Amino acid sequence: MSSPAKTAEKTSLTPADYKGRVKPIWCPGCGDFGVLNAITRSLAALGIEPRRLALASGIGCSSRIPGFVNCYGFHGAHGRALPVAVGIKLANPRLTVLALGGDGDGLSIGIGHFPHVARRNLDITYIMMDNRIYGLTKGQTSPTTLEGRRTKTSPAGALEQPLNPVELAVIFNATYVARGYSANLKELQDLITRGIQHRGFSMVHVLSPCVTFGKGSGFDYFGPRTKPLPDDHDPRDRQQALLRSAVEETIYTGVFYETERAEYVEQIQAIGSGVGRELDEDGPRIEVDRLIQRFS
Ligand code: SF4
């Protein structure tokens, strides 16, 4: 777990304030650069100090993000971004918590966590960077690979139906569901900002091409297909969100669905839990060094 450099009493923040000590090691042109950019711009616009921010991830190229950002970060086990994020939020509800990862991480080994975090409506933001391939392990079929697409593990073309992350999030009762494209920075920044501001579980699906192994789902594929949701789209209409999430010839971006429901920490505090009540301004009064020594 990395810890942030404390930001001196600044009245305004810039994306540079979130620059970590480690430079991104993604391939040049990887879609994840755009996502990282959009995230740091959103955080700066919202004025969230690095010491009030925690990022949790699983395993994969996109899951490396916590290492590149100046804040609290936890690069967890494969598929476990969400449970780690939940643990952080319950330990210190005052933190802004983001869970990050790819399509393989979140929809394969990690998919069991997705519906439960969504239905619980804990106030965290899940950013899923979808390149429709396993990039870190060099190009195998992932749960979002389109049927018929050739990969290293599907030389005759993928046989399975792909999962649709936006559709799943709506079905799982997430209270904010959006889709962005890593090449459309301004829109993506706005979607992430709105997701962080949303009180409850927010999910932002990002089309984030792998330029090294993502043949057939690169910028040349998504560029001509992505379009903002039509003006008549009503984010309160669940059926409309489901219908418009599923189109592939045109891949819509924007806020598909948003609703209000009681947030989890508020609910458990209302029934008498002490979660979050014993915290002082800087978080839990735990001597982390002693804790690490005890378990190492
Ligand atoms: Fe990005 Fe693909 Fe390179 Fe991974 S392998 S860093 S997803 S371009």
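The values are calculated or read from the model by the stated rules, or taken from the named source; none is laboratory data. Keep in mind it's a predicted model, so treat the numbers as computed, not measured. A quick note on method: Cβ atoms are made from the backbone with ideal geometry, for glycine too, and the neighbour counts reach across all protein chains shown. For accessibility, only protein heavy atoms count, side chains too; no ligands or nucleic acids. Shrake-Rupley method; radii C 1.70, N 1.55, O 1.52, S 1.80 Å.
A few remarks follow.
- For the chain, a simple Cβ point-charge model (Lys and Arg +1, Asp and Glu -1, everything else neutral) yields a dipole of about 760 debye relative to the Cα centre.
- Heavy atoms of the protein chains alone define the surface here; on that basis the chain has 48 Å² accessible area per residue at 1.4 Å probe size.
- Taking only protein heavy atoms and a 1.4 Å probe, the accessible area of the chain is 54% carbon and sulfur.
- Projecting the Cα positions of Pro28, Met128, Ser142 onto the charge dipole of the chain (unit charges on Cβ atoms of Lys, Arg, Asp and Glu, taken about the Cα centre) puts Pro28 furthest along the positive direction.
- Residue-count net charge about Gln161 - beta-carbon cut-off 15 Å; Lys, Arg +1, Asp, Glu -1: -3
- Helix-only [θ]222 nm of the chain, DSSP H runs n ≥ 4, -39500 (n - 2.57) each, per residue, nearest 500: -8000 deg cm²/dmol
- Residues whose amide H lies under 5 Å from that of Arg150, counting only those 5 or more places away or on a different chain, are Ala158; hydrogens are built 1.01 Å from N in the peptide plane.
- Relative to its Kirkwood radius, the Cα radius of gyration of the stretch 4-261 gives an Rg/Rh of 0.94.
- If you plug the beta carbon distance of Ile171 and Arg94 into 1/(1 + (r/R0)^6) with R0 = 22 Å, you get a FRET efficiency near 0.10.
- Listed values for the stretch 16-25 are Karplus-derived 3J(HN,Hα) couplings in whole Hz (6.51 cos²θ - 1.76 cosθ + 1.60, θ = phi - 60°), namely 5, 5, 9, 6, x, 6, 9, 7, x, 10, and x replaces Gly and Pro.
- Principal-axis tilt of helix 32-46 within the chain, Cα atoms, nearest 10 degrees: 40 degrees
- The angle separating the long axis of helix 81-91 from the principal Cα axis of greatest extent in the chain is about 20 degrees.
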